[in-house]
Amino acid sequence: MLTIDAQVHAYERNHPGRPWLATLAGPAQVSGDDMVAAMDAVGVDGALLVSPFTTYGYDASYALEVHAAHPGRFGLIKPVDPADPKVADTIADWAATDGTVAIRIMLNRSSQDPADPGINRVLAAAARHSLPVNLLVWGRLEQAERLAARNPDTMLVIDHLGLQQPFAPPAPAKPFAELPKVLALAAHDNVAIKISGACTLSHEPFPYKDIWDPLFRIFDAFGFDRCMWGTDWTRAVALLTYKQGVEAFRLTDRLSDTDRAALMGKTLARVYDWSPSRA
């Protein structure tokens, strides 16, 4: 079964040549080599490598280095700045770069206005270059819904179930409280959703059986052809191992083989028009 992780991060130790902007939750370093080793250990074929905004802001240079060192294993995603008047040029350059598959907006750090010119400029430019736009929408679900309606030709991908997720234990008392707002996004055909970091919302140990009923409400609303599994490694390191994040979905009896294959790779390959390959 093709297995593709919808979100992982890689970064170097903090050093003067590429200084961190802030400290990301996780180890002092997770290099591209480290990430590939973790994937190989549990049979993950490839992953979407999201340049970590906390660490590097809008600079995706390390992600590009990782891709060059491990061709075929990672599709690349970088955050872009909607407030940058030259953001359309940035997106055009990114679309022309080998290995890139999408861009990302940290919506929780941007204007709250669904009509914001910068955000809509990003979404229009992404559509022109056939790039999906990943949205971090914590606290901004209503805005995301209105952006989807305003930009029907842009594929929007909701990060991390659209729900606030912890960086360390414990999980929120009511982790799925905003689920109705997430489900409302399914009405828009141009919205897909990453089932990434879901295990961090569990109140139970592995295999996290309490997440499945709310997850199936998402699956029923969006369909497995718009849902993509992911671990959000390394943000989740304080809550579970990489292997646990994979096997909770690979081994559960709550998914049919067909649905598991779609959730853990096939849907992602179609949405991002990318599949991993071994060099």
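Table for the structure above
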| quantity | calculated |
| --- | --- |
| Total residues in region 247-279, condition of a type in the set (Ser, Thr, Tyr), assigned to a helix (DSSP H, G or I) and touching a residue at least 40 places away in the same chain (Cβ under 8 Å) | 1 |
| In region 106-142, the residues that are assigned to a helix (DSSP H, G or I) and touching a Pro at 6+ places or on another chain (Cβ under 6 Å) | Gly118, Ile119, Val122 |
| Single match in Asp33, Asp81 (criterion: of a type in the set (Asp, Glu) and part of a loop (DSSP other than H, G, I, E, B)) | Asp81 |
| Region 90-101 residues that are in contact (Cβ under 8 Å) with a residue 40 or more places away in the chain, paired with ones that are surrounded by 14 or more Cβ atoms within 10 Å (Cβ to Cβ) and assigned to a strand (DSSP E or B) (beta carbon under 8 Å, 6 or more apart) | Ile91/Ile103; Val101/Leu48; Val101/Gly75; Val101/Leu76; Val101/Ile77 |
| Near pairs, Cβ below 6 angstrom, 6+ apart or cross-chain, from region 41-67 (among the β-branched types (Val, Ile, Thr)) to any residue that is assigned to a helix (DSSP H, G or I) | Val42/Lys243; Val42/Val246; Val66/Gly32 |
| Pairs with Cβ under 8 Å, 6+ apart, first in region 199-224 and under 21 Å from Ala238 (Cβ atoms) and free of Cβ contacts under 8 Å to residues at least 12 places away in the same chain, second outside any helix (DSSP H, G or I) and acidic (Asp, Glu) | Asp210/Glu204 |
| Residue that is surrounded by the fewest Cβ atoms within 10 Å (Cβ to Cβ) [pool: residues in region 69-94 that are within 20 Å of Gln7 (Cβ to Cβ) and hydrophobic (A, V, I, L, M, F, W, C)] | Ala69 |
| Residue in region 18-30 that is in contact (Cβ under 8 Å) with a residue 12 or more places away in the chain, within 27 Å of Leu135 (Cβ to Cβ) and part of a strand (DSSP E or B) present | yes |
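Every read-out reported here was derived from the displayed coordinates using simple, explicitly stated rules and does not represent laboratory data. Because the structure is predicted, anything quoted here is derived from the model rather than measured. Here the Cβ is made from the backbone with ideal geometry for all residues, glycine too, and neighbour counts use every protein chain on show.
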